[in-house]
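What follows is calculated from the coordinates using simple rules that are stated; it is not laboratory data. Predicted model, so just to flag it, every value in this text is computed and none were measured. Cβ sites come from the backbone with ideal geometry, for glycine too, and all protein chains shown count toward neighbours.
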Amino acid sequence: MIETQASKLRQSFLDDPSRPIYHFLPPSNWMNDPNGLIQWQGKYHLFYQHNPDEAIHRQMHWGHAVSDDLIHWDDLPVALAPTPGTLDGGGIFSGCAINHNGTATIFYTGVNEGNTAQVQFIATSSDNLLNTWQKYDGNPIIKDVPVEANQTSDFRDPFVWKEDETWYMLVGSEIAGQGGVVFLYQSDDAINWDYMHPLYSAEEDGLGNVWECPNFFKLDDKWVLIVSISRNDKTSEVVYFVGQYENHRFIPETMRTLDHAYLYAPLTIEDDNGRRLLWGWIREGRSEEAYATAGWAGVQSIPRVLSLDEHNNLLTEPVPELEAIRRENTHLSDFSDNDSFNIETKGLALDIVAQFEVNHDSTITFSLACSADGNIGTEIRYNATLQRLTVNREKSSNNPEDEHSNHSVEHHLYEGETLDLRILLDASVIEIIANKRTSITTRIYPTDFAHNFLRLSGNDTILKRLDIYEMPSIWSLETG
Ligand code: DQQ
């Protein structure tokens with residue numbers, strides 16, 4: 001019944017050219033952060049910040065979907081809804097899930113109706129599909145913001161892990177006048193929690209006001225702290241620190257940006273194969289009016305496998321499971337030319353894998369989603385002289401209300417390295433990952449598109465490999 005309703009809703013958006021077909025998004029309405037990721041009895045469960053009634057960020061619930069392969073998802077009923085008149089009456093904000101001695105347990109932030117307090121809640125499920133959840137009678141399990149925060153309104157997004165027999169929790173917050181912080185708690189039973197101290201905090205301005213959605217985990221022989229930085233000027237950024245963890249204090253060695261555009265509030269889990277997987281919310285780049293009218297907003301990234309290199313770079317790669325759904329392939333290798341190569345494809349759903357040998361004056365440009373008259377198109381360009389990767393969205397659509405700003409970041413190649421690009425284009429979504437370490441995830445809203453092009457220029461710029469796969473819809477829907 002629920003599934004039928006969900007597929008009817010999905011069906012109703014089939015003619016919307018901006019709606020992705022191989023990325024996860026809810027049947028309709030609003031979605032933001034991934035929540036409560038857990039592999040339970042072999043199946044991957046994705047919960048997500050969701051407004052089931054409209055396509056705007058209001059009255060947050062946890063939506064729910066389940067998958068066997070990380071790519072195809074079945075919609076399940078909304079997992080958690082606010083209880084009016086209680087401390088989560090204003091919304092169920094972000095959090096995580098754990099296996100607590102065989103019981104699936106969710107940790108989330110409850111927001112009261114006046115939106116003046118954020119407190120930590122738990123809920124448990126006793127059915128195998130995690131369809132139904134019971135909020136714990138003794139909620140909230142953590143009510144007061146540590147005094148040193150010097151503020152009482154921002155305190156959210158619990159992230160829980162186990163070391164030996166002890167549970168630890170991070171909660172994102174702000175130390176007023178100083179900046180973002182992640183507070184550390186410990187517990188023997190995952191219900192009663194003792195505050196310890198900040199695991200880490202911003203030591204200077206510029207690292208944001210509130211740190212949201214913390215993640216903390218060991219990767220190889222280092223520890224990684226990911227925080228989503230929210231600034232009072234409404235800008236935001238996801239950063240990761242790599243360092244050491246001693247005596248329950250984090251000592252960072254490096255800090256870098258995880259994504260240079262729209263990917264926000266990521267959440268990670270370790271799956272049964274021991275892989276650390278990351279999902280991130282890809283926000284909209286069109287006006288609130290446009291997405292509220294469209295009836296849907298927000299997309300999840302394709303889950304990415306994380307690893308570290310010897311330079312403390314956090315490497316991200318779309319899960320290999322994505323490769324199993326690839327369709328027609330255009331393959332080209334050892335092509336070096338100053339001309340442009342026209343990539344003929346039927347739609348706007350592509351997985352592109354490209355490798356180039358570059359020289360000091362090489363320029364490599366993909367022009368995607370171009371209209372037949374050439375007036376519309378989005379350029380992804382690597383300039384080897386400047387060592388910069390740029391996404392030019394000035395002509396991405398002809399709607400001035402859409403965001404048209406460019407993203408431009410340094411991308412240095414190490415000695416002897418080729419330029420390796422992975423580009424996932426899916427209607428309005430573009431995920432670009434260069435050499436696994438520079439990520440630009442953005443949105444475009446063309447309504448008129450016919451071609452894609454690749455152009456190489458400069459001496460000795462060589463295309464080593466280009467594979468362009470057309471991608472199918474992950475939903476079984478009937479097309480007109
Ligand atoms: N989104 C949630 C919060 C989180 C923010 C609310 C990050 O829990 O801090 O929808 O996007």
Under a Cβ-only charge scheme (Lys and Arg +1, Asp and Glu -1), can you give me the dipole magnitude of the chain about the Cα centre, in debye to the nearest 20?
440
Label points 7 Å out from Cα along the Cβ direction at Thr235 and Ser340: separation in nm?
3.2
In terms of modelled amide H atoms, which long-range or inter-chain residues lie less than 5 Å from the amide H of Trp40?
His45
Specify whether the C-alpha gyration tensor of segment 253-363 places it in the rounded, prolate or oblate class, a ≥ b ≥ c being the square roots of the eigenvalues: rounded for a/c under 1.5, otherwise prolate if a/b is larger than b/c and oblate if not.
oblate
Among 423-436, 62-75, how do they line up from the highest to the lowest mean number of other beta-carbon atoms within 10 Å?
423-436, 62-75
Filtered hits (aspartates and glutamates, Cα-Cα < 19 Å from Lys8, offset >= 8 within chain) -> Asp16, Asp53, Glu54, Asp74, Asp75, Glu478
Taking a spot 7 Å from the Cα of Met196 along the direction of its beta carbon, which residues of segment 155-186 have an amide N less than 14 Å from it?
159-171, 182-186
May I ask you to list the residues of segment 93-107 whose amide nitrogen lies under 18 Å from a point 7 Å from Cα along the Cα→beta-carbon direction of Asp127?
103-106
Which whole-angstrom value gives the distance between the alpha carbon centres of segment 245-279 and segment 8-81?
22
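When the expected Rg is taken as 2.2 N^0.38 Å, what fraction or multiple of it is the alpha-carbon Rg of the chain?
Details: Rg = 22.4 Å, N = 480, 2.2 N^0.38 = 23.0 Å.
In units of the globular-protein estimate, the chain measures up at 0.97.
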Take every Cα pair under 8 Å in the chain that's 6+ residues apart, average their separations, divide by the length, and report that relative contact order as a whole percent.
14
Efficiency of FRET from Cβ geometry, Asp164 and Asp68, R₀ 35 Å, rounded to 0.05
0.65
Label-point gap, in nm, between Asp188 and Ala292 - each point 7 angstrom along Cα→Cβ:
5.2
Show me, for segment 401-416, the HN-Hα J-couplings you get by feeding each phi into the Karplus relation (A = 6.51, B = -1.76, C = 1.60, θ = phi - 60°), rounded to Hz, glycine and proline as x.
6, 6, 6, 10, 5, 8, 10, 9, 9, 5, 9, 7, 9, 6, 2, x
Each residue of segment 78-83 in order: what ³J(HN,Hα) in whole Hz does its phi give by Karplus 6.51 cos²θ - 1.76 cosθ + 1.60, θ = phi - 60°, with x for Gly and Pro?
3, 8, 9, 10, x, 9
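Counting only helical runs of four or more DSSP H residues, what would the 222 nm mean residue ellipticity of the chain come to if each run contributes -39,500 (n - 2.57) and the total is spread over all its residues?
-1000 deg cm²/dmol
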Taking 0.36 nm per intervening residue step and subtracting the Cα-Cα distance, what contour gain separates Glu246 from Glu113 on full extension?
43.9 nm
Karplus (6.51, -1.76, 1.60) ³J(HN,Hα), θ = phi - 60°, over segment 367-379, in Hz, Gly and Pro reported as x
10, 10, 6, 8, 7, 4, 7, x, 7, 10, x, 10, 9
Simple Cβ-charge dipole of segment 259-311, Lys/Arg +1 and Asp/Glu -1, about Cα centre, in debye nearest 20:
120
Using a Cα-Cα cut-off of under 22 Å, which lysines could be cross-linked to Lys222, ignoring same-chain neighbours fewer than 8 residues away?
Lys162, Lys436
State to the nearest 20 debye the size of the charge dipole of segment 65-205 about its Cα centre, where the only charges are +1 on K and R beta carbons and -1 on D and E beta carbons.
400
What lysines sit close enough to Lys143 to cross-link, taking a C-alpha to C-alpha distance under 19 Å and skipping anything fewer than 8 places away on the same chain?
Lys135
